[in-house]
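The values are calculated or read from the model by the stated rules, or taken from the named source; none is laboratory data. Since the structure is predicted, the reported quantities are computational estimates derived from the model, not experimental observations. Positions of Cβ are backbone-derived with ideal geometry, glycine not excepted, and every protein chain shown enters the neighbour counts. With ligands, DNA and RNA removed, areas are computed over all heavy atoms of the protein, side chains included. Shrake-Rupley method; radii C 1.70, N 1.55, O 1.52, S 1.80 Å.
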Amino acid sequence: MSGLRERYLAEIGIPVWHRRDAAAEPIVEQPPAALPVTQERTEAGGADAVWADLAARVRACTRCGLHKSRTQTVFGVGRRDARLFVIGEAPGADEDRQGEPFVGRAGQLLTAMLRAMGLPRSEVYIANILKCRPPGNRDPQPEESTCCTPYLAEQIALVQPRVLLAVGRISAQWLLQTDTPIGRLRGQVFRYRNIPLVVTYHPAYLLRSPLAKATAWTDLCVVKDLLGGST
Ligand code: SF4
């Protein structure tokens, strides 16, 4: 493990323990592999138009009642050919104000967790199940998620990530259509639309329960393995 990664782990509150006999082992930090950019993607002259059309449809959406109370829609952010796609549940107050998912303290922790994996936030794509904030940060209603998920499905189809990371109970249970507790969903690899899906705790929960950070880190290590060790 690199000194840099140790520093990032310490930053998010995960202590790093060393074996006494490990000190003499040489550690070689591998440079991150170049991201594969397919010819199809670089030549996809229409991709910008497809993204713009999708963003415009979300901006104007009135499919469910949440459009009445939103400040703005929160579409999603990140690299359009990201290898990792992070899926949360819904915008909160900060996101509703700023128009970007995972800002505020929970967003900062997510950014730090990604960085500890060797992935700058700008390298991943981040979106929510819902594009509008539920009033008072209540849980999304099933009918709202039903109305909104097609937008997320389109985003996933456009990005074609190698791995999906569902953060939090709501996101994981909706994507997997289960009511199994998150503690029993994490630590495994599922598939959503034939893409490997890993579940972990929501950073807002980790802020309240710092002891769970080490557990969440093991989930992120599963993601790192699925990404092929190039993070
Ligand atoms: S939450 Fe989704 S479906 Fe509902 S109004 Fe907003 S964009 Fe439309």
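Which residue, Ala216, Ser171, Val198, has the largest displacement toward the positive end of the dipole of region 94-231 when charges sit on each Cβ (Lys, Arg +1; Asp, Glu -1)?
Among Ala216, Ser171, Val198, the one farthest towards the positive end of the dipole of region 94-231 is Ala216.
Cα convex hull of region 39-163: how many Å³ per residue?
Convex hull of Cα atoms, per residue: 102 Å³.
Leaving ligands, DNA and RNA out of it, work out the accessible area of Asp139 with a 1.4 Å probe and give it in Å² to the nearest 10.
About 80 Å², rounded to the nearest 10.
Keeping every protein chain in place, order Cys61, Cys221 by accessible area at 1.4 Å, biggest value first, i.e. largest first.
The residues order as Cys221, Cys61, largest area first.
Work the Kirkwood hydrodynamic radius out for region 167-231: mean of 1/r over every pair of different alpha-carbon atoms, inverted, in Å.
12.2 Å
Just to confirm the filter: which trypsin sites (Lys or Arg not before Pro) across region 120-186 are DSSP coil and have at most 13 other Cβ within 10 angstrom of their Cβ?
Arg138
Quick one: divide the alpha-carbon radius of gyration of region 76-231 by 2.2 N^0.38 Å and tell me what you get.
0.94
Cross-link partners among lysines for Lys213, C-alpha distance below 22 Å, same-chain residues fewer than 8 apart left out?
Filter leaves Lys224.
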